[in-house]
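Read the structure below first, then the notes.
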Amino acid sequence: MEIIIRESYEEMSRAAGQSVAKLLNSKPNAVLGLATGSTPLALYKELVRLHREEGLDFSQVTTFNLDEYVGLRRDDPQSYHFFMHQNLFQHINIPEQNTYIPSGTTDNYEAFCQWYETRIEECGGIDLQILGIGSDGHIAFNEPSSSLGSRTRIKTLAKQTIDDNARFFDRPEDVPIYAITMGVGTILEARRIILLASGANKADAVAAAIEGPVTSMITASALQLHRDTICYLDRPAAGSLRMTEYYDWVEDKRPGAPAQVRPHFRTSAPTRRELI
Ligand code: PGA
């Protein structure tokens, strides 16, 4: 795992934005996995800025969102469909038909979940998956005890998640109890993963995910098994990590490191000359 700590939420989001832009500049038809919630908001703002001011092109990009609440229509202001339209899609040049978000209102959830998985595969798999982390250590809506091999399916939300999300709803009883979510297994198939975390309220979950044991009780800890995950943290979110000094040291020494220490996307196999 690569751990990148920035002093503020804005700096952390800009750094993550550069990473997304680098991918799109080298692979214009990349497939992005997208997240909702408060954390990626500044990243999406940065992507909109890069589109407007620096011509970052989304015309060939395809996106798959992680999750959606069951029972909310796509035009409900609390739905993730609405969130993505408001905060990203309407501000960039992505064709609407290239944006996939799980349906919260399908008649047949089982068939929909299977179709969603197949569609990801047909599009070539996810190149870069953006993730937030819940205060209970979840990624997407994979609540504690979710199978680390799980696929897209319906989950019953944990009480802590319902309480965390109550701030977005008028009344606590309006918070949906079920969600349709990509599984941990689905997420781990992305070629690269970016985990974003901001704020002291995430510090314990972040420390458990990065430095604790791999366990289904903190589904973000499964990212330790992924070969190309970068965690972008602001200083408060990094507050409970034991190895912060080492992560800062690694970053400080990065400019002088051999190139393979900083993995990057390539579109072709390495040449013989690069290998010997
Ligand atoms: P947040 O949610 O970004 O709103 O904190 C993160 C999550 O629950 O995955």
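The values are calculated or read from the model by the stated rules, or taken from the named source; none is laboratory data. This is a predicted model, so every value here is computed, not measured. Ideal geometry is used to build each Cβ from the backbone, glycine not excepted, and the neighbour counts take in all protein chains shown.
Going by the structure shown, is ASP107 among the charged types (D, E, K, R) and touching a strand residue (DSSP E or B) at 6+ places or on another chain (Cβ under 8 Å)? Spelling it out, it is not the case that ASP107 is among the charged types (D, E, K, R) and touching a strand residue (DSSP E or B) at 6+ places or on another chain (Cβ under 8 Å). Number of residues in the stretch 206-215 that are crowded, with 19+ Cβ neighbours inside 10 Å and without any contact (Cβ under 8 Å) to a residue 24 or more places away in the chain: the value is 0. Here GLU11 passes the criteria (1) under 22 Å from PRO236 (Cα atoms); (2) more than 16 Å from the ligand (Cβ to nearest atom); (3) buried (at least 19 other Cβ atoms within 10 Å of the Cβ); (4) not hydrophobic (A, V, I, L, M, F, W, C) except the one numbered (3).
Yes/no matrix, rows are residues, columns are (1) in a loop (DSSP other than H, G, I, E, B); (2) under 16 Å from the mean Cα position of the chain (by Cα); (3) more than 15 Å from the ligand (Cβ to nearest atom):
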position	(1), (2), (3)
TYR116	no, no, yes
ARG119	no, no, yes
ILE130	no, yes, no
SER135	yes, yes, no
PRO144	yes, no, no
LEU148	yes, no, yes
ILE154	no, no, yes
GLN160	no, no, no
ALA179	no, no, no
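Taking residues in the stretch 236-254 that are over 24 Å from ASN201 (Cβ atoms), and partners anywhere that are of a type in the set (Asp, Glu), not one pair has Cβ atoms closer than 7 Å while being at least 6 places apart or on different chains. One residue stands out among those in the stretch 33-65 that are hydrophobic (A, V, I, L, M, F, W, C) and touching a residue at least 60 places away in the same chain (Cβ under 8 Å): the one that is farthest from the ligand (Cβ to nearest atom), which is PHE64.
Residues in the stretch 58-71 that are surrounded by 17 or more Cβ atoms within 10 Å (Cβ to Cβ) and either farther than 21 Å from THR186 by Cβ or among the aromatic types (Phe, Trp, Tyr) (or both): PHE58, PHE64, TYR69. The requirement of being buried (at least 23 other Cβ atoms within 10 Å of the Cβ) and within 14 Å of the chain's Cα centre (by Cα) is satisfied by ALA190. Within the stretch 216-235, being crowded, with 17+ Cβ neighbours inside 10 Å and polar (S, T, N, Q) holds for SER216, THR219, SER221, THR229. Only one of the listed residues (GLU96, GLU53) is at pLDDT 95 or above, surrounded by fewer than 19 Cβ atoms within 10 Å (Cβ to Cβ) and under 30 Å from ASP174 (Cα atoms). That residue is GLU96. Can you confirm whether ALA30 is away from the ligand (no atom under 16 Å from the Cβ), among the small types (Gly, Ala, Ser) and within 20 Å of TYR232 (Cβ to Cβ)? The answer is yes for ALA30.
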